[in-house]
Amino acid sequence: MGYIPQQSLENLKKYSYKGVDKSLLSRYVLNPFWNWFVTLWPLSVAPNTITLTGLSIVFFNFLTLLYYDPLYLTQEEGAEGPPNWIYYTWGVGLFLYQTLDAIDGKQARRTGMAGPLGEMFDHGCDALNTTLENILASYALGMGRSWWTVSSQIATLANFYLTTWEEYHTGQLFLGYFSGPVEGIIMIVVIYMVTGYYGPTFWNQKIWTFLHVEHLPLFNKIPNLPLNESFMVFAGVGLALNILHSYHNVRRATYLKGSRSGKSPLLLLLPFLVPTLLQITWLSHPQYNNSYIIGSAAFVPFLCAWGLQFAHQVGRMILAHVTSTPFPTWDWIWIWSLLGAVDANLPKFGFSPIIQRSSKNTTIFVWVTLAVTFISYARFVSLVIRDITNYLGIACFTVRKRDEKGVWKNAQPDSKSS
């Protein structure tokens, strides 16, 4: 069985990518660099290979965290942490990821490989990168295992979901003057560089004290939050603005399609809100025999399992977009999270947990959740790649062949946009 209905395969041939990027940083600084950088890649390199290379760099950065601070994954109290120079490598790695993520589409147009498979592959890697970078950035900011890191996870995933939800309804990917894939990534790169120079403790300074304005009449009435928590507040404001902007675009597109109400698309935000509430419910369970997840060895695998579930969810959303099929509103993996949340919260009703009766059992159950989620997502990826490549007669990591004149088949002129 595949994920694409047989009657919807024909829509793959009708799909064409549409995107708008209003970022001034992208237009005047990054895009000229990307246009040059893509020329360094031979035409024999498939665009999906470039995309996967970028994700591999981020995954390697994640492994360096676990290598230099293995206690972060195994015990409540971590080690001293990575040496400061490691944070520089995280910054360079993330910048390379952004660059490779930007040029894979350009390489696709150069080689005639632009199409739905590239769209799926690109967004899938972006979804995985979102969780990995959240863990790394939260660590660099000195937030570690905390509700602030959970809040960061929710904010970053929500931004990604909103962008995908907006693309499904409007038919194009819209990046505003300030967006996560452009300015957001550069901001995190700067965070890594600052942490590399000063160390993670730099972000524990109070923001008004750091700016030397805590004694001024206006600022002494505003909470003097640490720099890392202030960054999270800033991210929250950005999320709120993104919600309003995305809804405005979706509502306008809905009206243009002839609908009299712009409220119905809001119901399709529930597939993000429901699993998010399940994860929060699971995390906020009453502590039972030290089975609390936040602050324990189960925290990192919990975030990774959550991220994989999210990647599966938005992957199905993008698949619905490129195949013109109904929006996916249900994912069976939510049942697993519901089971974990209900079991962990049984003490609220006077019962002992059936599975998560101890810290060890909780950790094992979270790791099993990660394994089940990984298998589910891997199955989704393999089946979608199989269906698309078989129907379109292409390969995932091989470029099209040249014709008798030496021209790449179906190649399109490169675009000035990313």
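The values are calculated or read from the model by the stated rules, or taken from the named source; none is laboratory data. For clarity, every value in this text was computed on a predicted model and none was experimentally measured. Cβ coordinates were reconstructed from backbone atoms using ideal geometry, including for glycine residues, and neighbour counts include every protein chain displayed. Only protein heavy atoms, including side chains, enter the accessible area calculation; ligands, DNA and RNA are left aside. Shrake-Rupley method; radii C 1.70, N 1.55, O 1.52, S 1.80 Å.
Descriptive notes on the structure:
- Extension gain from Thr281 to Leu96, taking 0.36 nm per residue of separation minus the Cα-Cα distance: 63.0 nm
- Take every Cα pair under 8 Å whose residues are at least 6 apart in sequence, average their separation, divide by the length of segment 6-410, and the relative contact order is 24 percent.
- Amide hydrogen neighbours beyond the local backbone of Gly19, cut-off 5 Å, H modeled: Leu173
- Where labels lie 7 Å past Cα in the beta-carbon direction, separation of Trp147 and Lys14 in nm: 4.8 nm
- When the helices of the chain are scored as -39500 (n - 2.57) per DSSP H run of n ≥ 4 and the total is divided over every residue, the value at 222 nm lands at -20000 deg cm²/dmol.
- Put simply, the C-alpha atoms of the chain give a gyration tensor, and the ellipsoid matching it has half-axes of 36, 27, 23 Å, longest first.
- The distance from the alpha carbon centre of segment 133-162 to that of segment 217-232 is 19 Å, rounded to a whole number.
- Fully extended contour minus Cα-Cα distance, from Leu66 to Tyr28, at 0.36 nm per residue: 10.0 nm
- Pairs of lysine residues in segment 6-410 - Cα separation under 27 Å, sequence separation of 8 or more or cross-chain: 25
- In this label model, Tyr255 and Asn220 are separated by 4.9 nm, measuring between points 7 Å along each Cα→Cβ vector.
- Taking 0.36 nm per residue of separation and subtracting the current Cα-Cα distance, fully stretching the chain between Phe234 and Asn84 would add 51.5 nm.
- Nonpolar atom fraction for segment 6-410, defined as the carbon and sulfur part of the 1.4 Å probe accessible area, stands at 66 percent.
- Accessible-area value, Glu214, 1.4 Å probe, nucleic acids and ligands omitted, Å²: 50 Å²
- Cα-projected label distance for Leu244 with Leu40, points at 7 Å along beta-carbon direction, nm: 4.1 nm
- Selected from Trp34, Thr49, Leu117, residue furthest toward positive end of dipole (the chain; charges at beta carbon): Leu117
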